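One structure below.
The values are calculated or read from the model by the stated rules, or taken from the named source; none is laboratory data. Because the structure is a prediction, the values reported are computed rather than measured. Ideal geometry is used to build each Cβ from the backbone, glycine not excepted, and the neighbour counts take in all protein chains shown. Only protein heavy atoms, including side chains, enter the accessible area calculation; ligands, DNA and RNA are left aside. Shrake-Rupley method; radii C 1.70, N 1.55, O 1.52, S 1.80 Å.
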Amino acid sequence: MATYTNQQAWKDIQEFLPMQLHFTNQYHPTEEIWNWKENKIHLDTFRNPSAVAKVICFHGVGTNGRQISMIFGGPLSRDGFETITVDMPTYGVTEVNQNMLITYDDWVECGSDLITAELEKDDRPIFIYGLSAGGMETYHVAAKNKSKNIKGIIGMTFLDQREKQVKTVTTNNKFWGKFGTSLGSFSCKIGLARFKMKMKIPSKMSALVNDKKCLKIMMNDTTSAGNKATMKFLESYMNYVPEIEPEEFDVCPILLTQPEKDRWTPQFLSDSFLDQIKKVSITKTVLRNGSHYPIEAEALADLHKYALDFMRQQLN
């Protein structure tokens, strides 16, 4: 079983977080393996059979599940929620089925299947959280799963990669913004689907976190910001079409938790997508002083408060 026990990167990142969020011998997630299509999907869990609801958490393309557990899954477990944080295939310590060429479509299917697997255990309400690209993934997962047990989405960004403006702002430079999608599609057509590229090349990974020392640790971590992605994954990510377009989305309410000092994904990019949604309520909040991956005490306090208020409101 792959484990975070001996991984140093998350322990180093933890030093930048408020002390009360640090994992200890008494306070830490349980590591589980969920078998999905012969991938050994790693889960950080805080199981609680008496919890009124579960929270399933997703990372983005520059983070992993343990990094989300530290700032979100763990804190909410202390409020009595059962939390589950997943390492998507090729990230974290999930072990990938080498016969599969992982795509973004697989990420969405994996997330949806995890919800279904949890609902087969019991029918408690489920909330889904996503940081960075995981924010839009929560929308895509909810649109695919469609379960009425999904009571709310909490996302840090909602980026529709089909929009030209999103590509222009979030990619590393003008070349990737203009030609990245077509280059990915062309590469797959000529047999380079499995060719891997560091995510920091096409994406603005340098804006992941505003503290330079923390950024260096994350960029050197091959299970998160230092990860490589195949051309097929990038092509599928840039071209993904949701099963429900925003105008028709009616699965559950949505909370945006936008970091105030996010230098990667400014709020207007999420606004352009969320403002199309009319059939469910949309709440927008700002995390004071927050980086894209928020490590700042004010931002994390806001994230916790807004998420908690949102979930309690949906459960009432």
Rolling a 1.4 Å sphere over the protein heavy atoms, what is the accessible area per residue of the chain, to the nearest Å²?
41 Å²
Of all DSSP beta bridges with both partners in the chain, the antiparallel percent, nearest 5, is 40 percent
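Just subtract the alpha-carbon distance of Asn239 and Asp211 from 0.36 nm times their residue separation and send over the number in nm, one decimal. The partial results should precede the final answer.
Working: separation 28, 0.36 × 28 = 10.08 nm, distance 3.18 nm.
Between Asn239 and Asp211, full extension yields 6.9 nm more.
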Order of exposure, largest accessible area first, which applies to Met88, Met1 with probe 1.4 Å
Met1, Met88
Express in Å², to the nearest 10, the accessible area of Val286 obtained by rolling a 1.4 Å probe over the protein heavy atoms while all chains stay in place.
70 Å²
Using a 1.4 Å probe, how large is the accessible area of Thr222, given in Å² and rounded to the nearest 10?
100 Å²
Accessible area of the range 253-306 with a 1.4 Å probe: how many percent of it is carbon plus sulfur?
54 percent
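As a check on your grasp of the helix formula, calculate [θ] at 222 nm for the chain: sum -39500 (n - 2.57) over DSSP H runs of n ≥ 4, divide by the residue count, round to the nearest 500.
Values: 11 runs with 112 residues, N = 316.
So the helix-based figure for the chain works out to -10500 deg cm²/dmol.
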Labelled set [x] 62, 38, 38; [y] 55, 50, 39; [z] 53, 46, 40; Cα extents along the principal axes in Å computed from this model equals the value at [z]
Which loop GluC sites (Glu not before Pro) in the range 119-222, with loop taken from DSSP, have no more than 15 other Cβ atoms within 10 angstrom of their Cβ?
Glu163
Cut-off 11 Å between beta-carbons: net charge of the residues surrounding Glu296, Lys and Arg +1, Asp and Glu -1:
-2
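If a/c stays under 1.5 just call it rounded; otherwise compare a/b with b/c (prolate if a/b is bigger, oblate if not). Do that for the range 101-147, with a ≥ b ≥ c from the square roots of the Cα gyration tensor eigenvalues. Can you show the working numbers first?
Numbers: a/c = 2.28, a/b = 1.46, b/c = 1.56.
Cα axes put the range 101-147 in the oblate bin.
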Using θ = phi - 60° and the Karplus form 6.51 cos²θ - 1.76 cosθ + 1.60, what ³J(HN,Hα) does each residue of the range 298-307 get, whole Hz, x for Gly and Pro?
5, 5, 5, 5, 5, 4, 5, 5, 5, 5
First measure r as the distance between the Cβ atoms of Asn6 and Ser281, then evaluate 1/(1 + (r/R0)^6) with R0 = 30 Å and state the FRET efficiency to the nearest 0.05.
0.10
Asp221: accessible area at probe 1.4 Å, nearest 10 Å²?
10 Å²
For Gly130, list long-range residues whose amide hydrogen, built 1.01 Å from N in the peptide plane, is under 5 Å from its own amide hydrogen.
Phe58, Ile154, Gly155, Met156
Roughly how many nanometres apart are two label points built 7 Å out from the Cα toward the Cβ at Asn48 and Glu248?
3.7 nm
Taking N as the residue count of the range 182-224, its alpha carbon Rg divided by 2.2 N^0.38 Å gives 1.49
So for the range 265-305, using the alpha carbon gyration tensor with a ≥ b ≥ c as root eigenvalues (a/c under 1.5 gives rounded; past that, a/b versus b/c decides prolate or oblate), I'd call it oblate
